[in-house]
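Below is one structure, written out as structure tokens; comments come after it.
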Amino acid sequence: MEILVCIKQVPDDSVEIFLNENTQKPDLEKVTPVVNAFDTYALEMAVRLKEAAGGEVTVLSVGDDSVKNSLKNCMAVGADHAYLCKLDDYNETDTFTIAQSLKESKEEIEKQTGKTFDIIFCGKESTDFASAQVGPVLAEMMDIPVITGIVDIEEKDGGVETRQETEEGYHVISCQGLCLVTVNKPKYDPRYPTIKSKMAARKKAIDELDTAKAGVTVLHTEKVYTPAKRSAGVKIQAESAEEAVAQAMDLMKKAKVF
Amino acid sequence: MAYLISEEAQDLLSDVKNFCDKEVVEQCKEYDVTGEWPKELYDKAVEQGYQALEVPEEYGGPGLSRVDVAALIEQMAIADAGFATTISASGLGMKPVLIAGNEEQKQHVCDLVLEGGFGAFCLTEPGAGSDASAGKTTAVKDGDEYVLNGRKCFITNGGVASFYCITAMTDKSKGVKGISMFLVDAGTKGLSTGKEENKMGIRTSNTCDVILEDCRIPAANLIGEEGKGFIIAMKTLDQARTWMGCVSVGIAQRAINEAVAYGKERIQFGKPILKNQALQFKIADMEMKTEVARQMVAHSLQKMDLGLPHTKESAIAKCFASDIAMEAASEAIQIFGGYGYSREYPVEKLLRDAKIFQIFEGTNEIQRIVIANNVLGKF
């Protein structure tokens, strides 16, 4: 099974980020760039599918030269090939344009290598802008089915069977032929790169593609601001559940929730 | 990040930190209480290849400089000194072979480590601590074999090693010149492990007796020549001591990290306690000494990489860093106040962990003798 995984490099989301008063943009200067967490889940799921069904995993990203390091990190945890679609101001580019660049890149990779992808993985959203649009927009542009927010996948009858997480439980969705999936947090964690795989990945080449659709962004950010701080919640401590519920009801009545 | 390391080591360092944050820090709190050797954790570390960091590139290792490896080992020690000791002691176990072994022996131990095995270095005996020459373990040649008898104690990785480098007397009449070094694979008949120490600190590291009862090994397992065992052991310690300095620096750095995090949060007299200059000075002193210790470790390792003499530098690195680890851990407890004395908080463990680094691989008194001898020379 030939698998394409689309990844985005984002600022490390485990550190607190502040607004730069001068630029009125998030201050990211000292924040380490990492692979978007949902994309790491997508890659791990793709690599597990490859290990079960055979084939190869190719990773693709749109971004500047610094993204090569993230792509190498992907090669250290199971990806076989990596491509960078060069676009320096990728963070100023809207999701539609990114999706279009990914579509062109996918076609270019297929042309260059002669392979045809059977499935495309994306994270369900990025941890920086969290629009959750790129995956579905890319599928729409390619006119292929999309299954969003999956937490498991396996090969079945030449196609795939996926588990999509919903608020009520799971949907089991099967698909034959080329499709795109977006990935939510599965039950397992992505594997760690080993010293050996990391050293080997650092030596591998990242192929560059000239397929970016620059300068066609139609969405523009009007304002960036820090979200208002939430006031501290109320902690109810009571002897019994009944008493705790009664206190909660009382508070909600006072707040005119009812 | 105070070590000046290569770009690839910086990359590996972030992976090691991520691994330690997720798999080591919290887990080792529990193992510190139970004293259990956390096999599951070490299996994961082996999967990452951490035990093989010191395997030379020509024998299949990652080919990092010693300072690069030090940055990674320090990161492990920040998470848990026992964990870092186990990993580092594997390098120690290999050293006698890498220093004096033949090609076949070198490839053999490197293969064992690359496959996920640990090494153990067996010098200390119940009656031979600082006075390594007082060892009673013997090796008697019998045809194409040596027969080893004796008891080694306080052996790091003793119960979990895949191979052992063991000193034994081949000629008692010659004193230290009668000591030889032998390579013994785990599972060899006659080699067994005895009492496991219930230690004060580094409780995630295995320390036990190694017993030799008519343990027959091929004569080809002699490392170097007969009578060279003491010199090989001293050369081994000359290198290994710096690594214990490196782990000590990790303990000191953890003490700083914990003291700073707590001191910014702890409010007394209406302000964080670290707003008091008296405590800021404590942090400054901890930082100064830790950084100096770290740079001494780096200097010693760089001399090793360059093939320059490093006996004095290694002794200084180990002695100073372990003294500083004790001091930093103690100061961190002081900054935590009463909470620092409680086992619910992370700093009392640092003091327990730090203490052994003033003792093993040559007590700090022995280190001072080594340093003094190097300064004074013969007179």
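For B:Lys29 and B:Ala284, the FRET efficiency from 1/(1 + (r/R0)^6), where r spans their Cβ atoms and R0 equals 22 Å, is about 0.15. With the biggest extent put first, the Cα atoms of the range A:45-122 measure 38, 24, 20 Å across the principal axes. For the residue pairs A:Lys50/A:Lys156; A:Lys72/A:Lys156; B:Lys95/B:Lys177; A:Lys68/A:Lys198, alpha carbon separations beyond 22 Å are given by A:Lys72/A:Lys156.
Can you tell me which of B:Gly158, B:Gly49, B:Gly245 moves the most in a GNM of chain B? Springs connect C-alpha atoms under 10 Å apart. The residue that fluctuates most here is B:Gly49. If you wrap the tightest convex hull around every Cα atom of the range B:7-114 and split its volume per residue, you get 93 Å³. Placing R0 at 51 angstrom, the Cβ-Cβ distance between A:Asn69 and A:Ser174 gives a FRET efficiency of 0.85 after rounding to 0.05. Neighbour counting of Cβ atoms within 10 Å sorts the residues B:Trp37, B:Trp243, fewest neighbours leading, into B:Trp37, B:Trp243.
Put simply, the Cα atoms of the protein assembly as shown extend 88, 69, 51 Å along their principal axes, the longest span coming first. Projected label points at B:Ser192 and A:Ala248, each 7 Å from Cα along the beta carbon direction, are separated by 6.1 nanometres.
Per the Cα gyration tensor, the range A:116-258 maps to an equivalent ellipsoid with semi-axes of 41, 24, 21 Å, ordered largest to smallest. Evaluated at q = 0.09 Å⁻¹, the base-10 log of the normalised Debye intensity for chain B, with identical point scatterers placed on the Cα atoms, takes the values -0.50. For the range B:361-371, backbone phi angles converted through the Karplus equation (6.51, -1.76, 1.60; θ = phi - 60°) give residue-by-residue couplings of 6, x, 4, 5, 5, 4, 4, 5, 5, 4, 5 Hz, Gly and Pro being listed as x.
Going through the cross-link list B:Lys275/B:Lys355; B:Lys271/B:Lys355; A:Lys229/B:Lys282; B:Lys289/B:Lys355, which pairs have a Cα-Cα distance over 23 Å in this structure? With Cα atoms farther than 23 Å apart: B:Lys275/B:Lys355; B:Lys271/B:Lys355; A:Lys229/B:Lys282. In summary, the aspartates and glutamates within cross-link reach of B:Lys235, defined as a Cα separation below 20 angstrom excluding same-chain residues under 8 places away, comprise B:Glu54, B:Glu103, B:Glu125, B:Asp131, B:Glu225, B:Glu226, B:Asp305, B:Glu313, B:Glu361, B:Glu365. Modelled this way, with points 7 Å down the Cα-to-C-beta line, the labels at A:Val15 and A:Asp210 are 3.6 nm from one another. Evaluate the distance, in nm, between pseudo-label points positioned 7 Å from the Cα of A:Thr113 and of B:Lys17 along their respective Cα→Cβ axes. Label at A:Thr113, label at B:Lys17, 3.2 nm between them. Of the trypsin sites (Lys or Arg not before Pro) found in the range B:1-102, not one falls in a DSSP loop while having at most 15 other beta-carbon atoms within 10 Å. Within the range B:187-202, which residues have the backbone N less than 19 Å from the label spot 7 Å out from B:Ile359 along Cα→beta-carbon, could you tell me? Zone members listed by number: B:194-202. On the basis of the beta-carbon distance and an R0 of 25 Å, B:Asp185 and B:Ser130 show a calculated FRET efficiency of 0.30.
Here the peptides B:177-186, B:275-284, B:209-218 are ranked by packing, the mean other Cβ count within 10 Å, and the order with the highest first is B:177-186, B:209-218, B:275-284. Max-minus-min Cα coordinates of chain A on each principal axis give 68, 52, 40 Å, with the largest extent listed first. In a fully extended conformation the segment linking A:Ala130 and A:Ala238 would gain 35.0 nm over its present Cα-Cα distance, using 0.36 nm per residue.
The convex hull around the C-alpha trace of the range B:235-376, projected and averaged over every direction, spans 8.9 square nanometres. Listed by Cβ neighbour count within 10 Å, with the fewest neighbours leading, B:His299, A:His220, A:His171 appear as A:His220, A:His171, B:His299.
All of the numbers you see were taken from the coordinates with simple rules; none came from a lab. Because the structure is predicted, anything quoted here is derived from the model rather than measured. Methodologically, a virtual Cβ is constructed for each residue, glycine included, from the backbone with ideal geometry; neighbour enumeration extends over all protein chains shown.
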